[in-house]
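Colleague: Got a structure for you, questions after.
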Amino acid sequence: MASSEIEVVSSESGSKTQQNYDPQIAVVDVNSASAYGDLDKVRKLVEEDGISLLIPDLNGYYALQWAALNNYPEIVQYIIEHGGNVNSVDNNKQTALHWAAVRGPIAVSDLLLQNGARVEATDTNGYRAVHVAAKYGQTAFLNHLIVKYHADYEATDNDGRSPLHWAAYKGYSDTVRLLLFRDASQGSQDSNGMLGDIWYPTVVYEASSSHSLSIMQSPMGTRVLAVVVCLLL
């Protein structure tokens, strides 16, 4: 994995409701129980077996991160109420909010942020939740962080790349539209002084009342997203 990519290991369950996990998958500890939405198992491990929610798994990931990633708000709330730390970080300094931003569960973000999660927490790459949301095209989640929690959508990561850069590079036009609507700066350069010809695409803006997006090919055949805000008559 490139150093510029966020490292998040996800369960393949995709379920959004408690107890909707694959019974053939071994749920053996509080972390796997949280990942697969088994609230009863989490309760048993914590309340009967005395398992701490502050101990990460072998990869350094926490139960709260797994529950946040897979959109289990009941488990997120339970973990918080039973001593889980909303600002615990894994080996990459990612928090549960970083993980929630991958799939964009708004209810989970509210639980985390209303219980003290830092909206501007940065990981080892300088990514905040706004960067992760932009990289994964979670437009509604990103807008929620901006509107309700005043998240800094102009923030740059360690390489000088903003959420707008990431959304454009990844091709998420709705996310780009949101950021342009909010007047995100298109003129910033990354730490290498590159704006669009090598690492990420140029964002071209002309003041107008209507935004249109198009995907173009570079002369070298590399897929480049050109975000063009056109004046429509």
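Colleague: Residues of the range 106-122 being surrounded by fewer than 24 Cβ atoms within 10 Å (Cβ to Cβ) and either polar (S, T, N, Q) or out of contact with any helix residue (DSSP H, G or I) (no Cβ under 6 Å at 6 or more places or on another chain) (or both), which ones?
Modeller: Asp110, Gln114, Asn115, Gly116, Arg118, Glu120, Ala121, Thr122
Colleague: Looking at the range 89-99, is at least one residue in contact with a Leu (Cβ under 7 Å, 6 or more places away or on another chain), within 29 Å of Ile55 (Cβ to Cβ) and of a type in the set (Gly, Ala, Ser)?
Modeller: Residues of the range 89-99 in contact with a Leu (Cβ under 7 Å, 6 or more places away or on another chain): 96-97, 99.
Right, trim to within 29 Å of Ile55 (Cβ to Cβ) and you get 96-97, 99.
Imposing the further condition that a residue be of a type in the set (Gly, Ala, Ser) reduces the set to 96.
The answer is yes; a qualifying residue exists.
Colleague: Here's a follow-up. For the condition out of contact with any helix residue (DSSP H, G or I) (no Cβ under 9 Å at 6 or more places or on another chain), closer than 30 Å to Gly171 by Cα, in a helix (DSSP H, G or I) and at pLDDT 95 or above, what is the one hit in Val147, Val130? Quick ask: steps written out before the conclusion?
Modeller: Details: Val130 fails: out of contact with any helix residue (DSSP H, G or I) (no Cβ under 9 Å at 6 or more places or on another chain).
Exactly one of Val147, Val130 is out of contact with any helix residue (DSSP H, G or I) (no Cβ under 9 Å at 6 or more places or on another chain), closer than 30 Å to Gly171 by Cα, in a helix (DSSP H, G or I) and at pLDDT 95 or above, namely Val147.
Colleague: Here's a follow-up. crowded, with 19+ Cβ neighbours inside 10 Å and more than 29 Å from Ile75 (Cα to Cα): which single residue out of Ala155, Ala167, Ala100 fits that description? Before you say what the answer is, go through the steps one by one.
Modeller: Working: Ala155 fails: crowded, with 19+ Cβ neighbours inside 10 Å; Ala100 fails: more than 29 Å from Ile75 (Cα to Cα).
Among Ala155, Ala167, Ala100, only Ala167 is crowded, with 19+ Cβ neighbours inside 10 Å and more than 29 Å from Ile75 (Cα to Cα).
Colleague: Out of all the residues in the range 91-102, which are in contact (Cβ under 8 Å) with a residue 40 or more places away in the chain and in contact with a helix residue (DSSP H, G or I) (Cβ under 8 Å, 6 or more places away or on another chain)? Break it down into steps so the answer makes sense when it comes.
Modeller: Within the range 91-102, the subset in contact (Cβ under 8 Å) with a residue 40 or more places away in the chain is 92, 94, 98-102.
Passing the criteria: Gln94, His98, Trp99, Ala100, Ala101, Val102.
Colleague: Kindly evaluate Ala121 against the criterion of being of a type in the set (Gly, Ala, Ser), assigned to a loop (DSSP other than H, G, I, E, B) and over 20 Å from Ser32 (Cβ atoms).
Modeller: On the way: of a type in the set (Gly, Ala, Ser): yes; assigned to a loop (DSSP other than H, G, I, E, B): yes; over 20 Å from Ser32 (Cβ atoms): yes.
Here the answer is yes, as Ala121 does meet what is asked.
Colleague: Quickly run through the range 129-140 and pick out the residues that are within 17 Å of Ile106 (Cβ to Cβ) and buried (at least 23 other Cβ atoms within 10 Å of the Cβ).
Modeller: Listed by number, the residues that qualify are Ala129, Val130, Val132, Ala133, Ala134, Gln138.
Colleague: Among Gly84, Gly50, which is in a loop (DSSP other than H, G, I, E, B), of a type outside the set (Val, Ile, Thr) and buried (at least 20 other Cβ atoms within 10 Å of the Cβ)? Spell out the reasoning first.
Modeller: Details: Gly50 fails: buried (at least 20 other Cβ atoms within 10 Å of the Cβ).
Of the residues listed, the single one that is in a loop (DSSP other than H, G, I, E, B), of a type outside the set (Val, Ile, Thr) and buried (at least 20 other Cβ atoms within 10 Å of the Cβ) is Gly84.
The values are calculated or read from the model by the stated rules, or taken from the named source; none is laboratory data. Please read these numbers as outputs of a predicted model, since none were measured by experiment. Every residue, glycine among them, receives a Cβ derived from its backbone with ideal geometry; neighbour counts consider all protein chains shown.
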